[in-house]
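Report on one structure; see the data block that follows.
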Amino acid sequence: MKKILLAIFLLVSSLVFSAERILSYEETFLDEKTGKVHAKGEQTPYTGVIKNFKIPGEDGVFEGKISFKDGVIDGLVELYYPNGKLAKMATFKNGEKNGIQKKYYENGQIKMEILHKNGKKDGIAKQYSNKGILIGEYPFKNDMVDGLVKQYNEVTGKLEIESTYKNGKSEGLLKAYYPSGKLRCEENYKNDLREGLRKDYYENGVLKEERFYKNDKLEGISKIYYPSGKVQIEASFKDNKLDGISREYDETGKIIDQTEFKDNKQIN
């Protein structure tokens, strides 16, 4: 009988001591010198869960529970909307985000998911509409957008824009599409600025406009085309201003208007 009682005592003791400690936000404090959280009245940094933790965010103030180890965030963080629905969840290791982070709409649909590595975004971030449709894919490397970004229509889920980024800046070709999937426009970027020729197309594939950029400013001859493919308007630009002769044509190629500009002002 004594052996049975001893076994029960040891079992209960192990359950008690292995249980996760949970305190309310009001029962803890932050040591501003060390940056670590403590339970009130205790010198040892806190290990356990803090509930009723309030954190302001872009969508309001969230309340939730945060796991701590030796005074720093470590483990699961869950934040909730006032209606009790999960708003955000993330995993931390030694105070830094490490692993999957998810955000949710108030209706429960997932809003965004992204992986973190040592506190920095790393991998493909996915963004969703409040109806669960994928509307964006953003590749991250060392906390910066790096690679092919894809944006989708929030109703149909079809691809609308794809563009290339390097170290957080637009670099290379951007393409935009009609709902039908046909190419709408294409332009090039260099160090986050438009550079070179931009082309816009009618949905049937016929060229609609041509514009040339230098350091994100219009430079040289821009052209607008009729649906037939014939030139309708051509204009000369310098440093993003009309400069030179602009002409308008009818569909036979005959000039129907001609104007000269200097520094964006008409001179005849």
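I need the full set of residues from the stretch 126-150 which are under 17 Å from Ile110 (Cβ atoms) and either part of a loop (DSSP other than H, G, I, E, B) or not small (Gly, Ala, Ser) (or both), in order please.
Lys126, Gln127, Tyr128, Ser129, Asn130, Lys131, Gly132, Ile133, Leu134, Ile135, Glu137, Tyr138
If you go through the stretch 156-163 one residue at a time, do you hit one that is under 25 Å from the mean Cα position of the chain (by Cα), small (Gly, Ala, Ser) and assigned to a strand (DSSP E or B)? Give the derivation first.
Taking the stretch 156-163 first, the residues under 25 Å from the mean Cα position of the chain (by Cα) are 156-163.
Filter once more, so that each one left must be small (Gly, Ala, Ser): 157, 163.
Checking which are assigned to a strand (DSSP E or B) leaves us with 163.
Yes: one or more hits.
Among the residues of the stretch 33-59, write down those that are over 21 Å from Lys97 (Cα atoms) and either under 33 Å from the mean Cα position of the chain (by Cα) or surrounded by fewer than 17 Cβ atoms within 10 Å (Cβ to Cβ) (or both). Before the answer, list the steps.
Just the residues of the stretch 33-59 that are over 21 Å from Lys97 (Cα atoms), to begin with: 33, 39-44.
Across the stretch 33-59, the qualifying residues are Lys33, Lys40, Gly41, Glu42, Gln43, Thr44.
Just checking, does the stretch 96-105 include any residue being among the small types (Gly, Ala, Ser), under 30 Å from Gly35 (Cα atoms), outside any loop (DSSP other than H, G, I, E, B) and over 16 Å from the mean Cα position of the chain (by Cα)?
Within the stretch 96-105 (the criterion being among the small types (Gly, Ala, Ser), under 30 Å from Gly35 (Cα atoms), outside any loop (DSSP other than H, G, I, E, B) and over 16 Å from the mean Cα position of the chain (by Cα)), the answer is yes, since at least one residue qualifies.
Residue by residue, here is whether (1) on the phi > 0 side of the Ramachandran plot; (2) touching an Asp or Glu at 6+ places or on another chain (Cβ under 6 Å); (3) touching a residue at least 60 places away in the same chain (Cβ under 8 Å); (4) of a type in the set (D, E, K, R) holds:
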position	(1), (2), (3), (4)
Asp143	yes, no, no, yes
Leu159	no, no, no, no
Ser170	no, yes, no, no
Lys175	no, yes, no, yes
Cys185	no, yes, no, no
Leu193	no, yes, no, no
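Kindly evaluate Glu63 against the criterion of being part of a loop (DSSP other than H, G, I, E, B) and of a type in the set (D, E, K, R).
Working: part of a loop (DSSP other than H, G, I, E, B): no; of a type in the set (D, E, K, R): yes.
When the stated conditions are applied, Glu63 does not pass them.
Restricting to the stretch 138-159, and then to whatever is over 17 Å from Gly172 (Cα atoms) and of a type in the set (Asp, Glu), can you tell me which residue is surrounded by the fewest Cβ atoms within 10 Å (Cβ to Cβ)?
Selected residue: Asp143.
For the stretch 190-268, give me every one of the strands (runs of 3 or more DSSP E) that falls completely inside it and has 3 or more residues that are more than 23 Å from Ala176 (Cα to Cα) and among the charged types (D, E, K, R).
Those strands (runs of 3 or more DSSP E) span 255-262.
Every read-out reported here was derived from the displayed coordinates using simple, explicitly stated rules and does not represent laboratory data. As the structure is a computational prediction, the values presented were derived from the model and not from experiment. No Cβ is skipped: glycine too gets one built from the backbone with ideal geometry, and neighbour counts run over all protein chains shown.
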